[in-house]
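Here the structure is laid out as structure tokens; the discussion comes afterwards.
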């Protein structure tokens, strides 16, 4: 569920007209719903009732300081994958001591930063990493808490670029070699074995791969508890969101109209399937969801530059581009595109929706049917709260978009649009070229 809807003819986020946001802050602008984030967080908590569960928001999905503070206020820890993300959590007033540090290439400086700030645990991806963490912990005179990420070789049936749980992915240690890895970890004097971790991929729309992975790894977790006294099992994240029918999916009537066997994966069905498998372990359960927490909480506002009519093809050219939202170009991803002001009297338009960048890949949608919109009018790319701003770039010397957070009838700029001066502030012409 989410909080984007039409009030009469005008698209709103919670109780805020999106046209008012664009009028004040311009376009392209990301707009996020605080209520949607809280609703997603609370529903997942309720779905896991009966477990000692800690939700660690996977902040790579959206790392704005205001959003981190919002989740921290709700009680979230964080799933961190860089030293920069550790610093962001600290800057937002979040708690590193309930957070985990993942990633295949942690540097010594990043490991030290995590240890100095009391990281809950490292999620270790390889045996060489065990040695590196042990070395850094020894220099600091501490024991580093670790869990090894095991790869259960489960096909998540998701996009090839976001699957992580198969044997040919770069992540984790194959389950059949994991016992030996734990034996090796136990011999390091500066490591404390604390748990076990897995994560099989992103944008999963069925509970079946989660069940298969837990069923594979749970017996191993039970064995680790008996042998090494582990205290937690992290089952990762990956729950998907709705991209098609995104606007309708925010309404209860839409959900009620879906056949029972076709309804999207929800926190309730996710919890119902996994809680019975996890309860017997008697371990703390960590979850690291990102997209599910923020994906449907965001929209990217854009303004129409003009409609270019070609021979058998229309091009709706907008001021947002692949540098602002790269997912369609990178993953062939679908985002629902809707007018900010809808008018049922207008005819339908079939068009490609494209940005101004000098790349054929700068295309958000092909042959998409939309309400006809004209120069200067606003559209919204829905379900853009995850992997939108965090994957954005300055390609074509285009400044980073603005970001706005909505709560009820209030909204505030949480990241100002980047200026040209800010873009080039770190650059200089060397003396030998002057």
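Please treat every number below as a calculation from the coordinates, not as lab data. This one's a predicted model, so the numbers in the text were calculated from it and none came from an experiment. Cβ sites come from the backbone with ideal geometry, for glycine too, and all protein chains shown count toward neighbours.
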Checklist entry - Of 134, 314, 190, which is the most mobile in a GNM of the chain whose springs link Cα atoms less than 10 angstrom apart? => result 314
Item to check | the range 34-290, relative contact order [Cα under 8 Å, separation at least 6], % | outcome: 22
Next on the checklist: Going 7 Å from the Cα of residue 277 along its beta-carbon direction, which residues of the range 191-214 have the amide nitrogen within less than 18 Å of the resulting point?
Outcome noted: 196-214
Checklist entry - Hey, any idea what the orientation-averaged projected area of the convex hull of the range 246-346's Cα atoms comes to, in nm²? => result 10.9
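Given a cut-off of under 8 Å on Cα pairs at least six residues apart, what relative contact order in percent is computed for the range 296-423?
Numbers: 265 pairs, mean separation 38.2, N = 128.
Once divided by the residue count of the range 296-423, the mean separation gives 30 percent.
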Checklist outcome for this item: Cα-based Debye curve of the chain sampled at q = 0.07, 0.11 Å⁻¹ gives log₁₀ I(q)/I(0) of -0.37, -0.88
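So between residue 261 and residue 393, what do we pick up on full extension, going 0.36 nm a residue minus the alpha carbon distance? Before the final figure, lay out the partial values.
On the way: separation 132, 0.36 × 132 = 47.52 nm, distance 4.00 nm.
The span from residue 261 to residue 393 would gain 43.5 nm if fully extended.
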Checklist entry - Taking the alpha carbon gyration tensor of the range 296-423, what are the square roots of 5 times its eigenvalues, largest first, to the nearest whole Å? => result 24, 19, 14
Checklist outcome for this item: Here the FRET efficiency for residue 360 versus residue 254, based on Cβ atoms and R0 = 25 Å and rounded to 0.05, is 0.10
Checklist outcome for this item: Unit-weight point scatterers at every alpha-carbon of the range 54-150, Debye formula, q = 0.11, 0.14, 0.18 1/Å: log10 I(q)/I(0) is -0.28, -0.46, -0.74
Checklist entry - Pairing the Cα long axis of helix 208-228 with the longest principal axis of the chain, what angle in degrees results, from 0 to 90 and rounded to the nearest 10? => result 30
Checklist entry - residue 87 versus residue 309, label points 7 Å from Cα toward the beta carbon: distance in nm? => result 5.3
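At 222 nm, what helix-only mean residue ellipticity would the chain give, in deg cm²/dmol to the nearest 500, using -39500 (n - 2.57) for each DSSP H run of four or more? Could you put the intermediate results ahead of the total?
Working: 13 runs with 129 residues, N = 434.
About -8500 deg cm²/dmol.
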Checklist entry - Against the longest principal axis of the chain, how steep is helix 127-140, in degrees 0 to 90 to the nearest 10, with axes from Cα atoms? => result 80
Checklist entry - Roughly what would the spin-label model give for residue 117 and residue 375, points 7 Å off Cα along C-beta, in nm? => result 4.9
Item to check | Length-normalised contact order of the chain in % [C-alpha pairs under 8 Å, at least 6 apart] | outcome: 21
Item to check | Tilt relative to the chain, helix 83-92 - C-alpha long axis, 0 to 90 degrees, to 10 | outcome: 70
Checklist entry - Where is the GNM fluctuation largest for the chain (alpha-carbon springs, 10 angstrom cutoff): 208, 257, 20? => result 257
Checklist entry - If you build a Gaussian network model of the chain, linking Cα atoms that sit under 10 Å apart, which residue out of 228, 411, 101 swings the most? => result 228
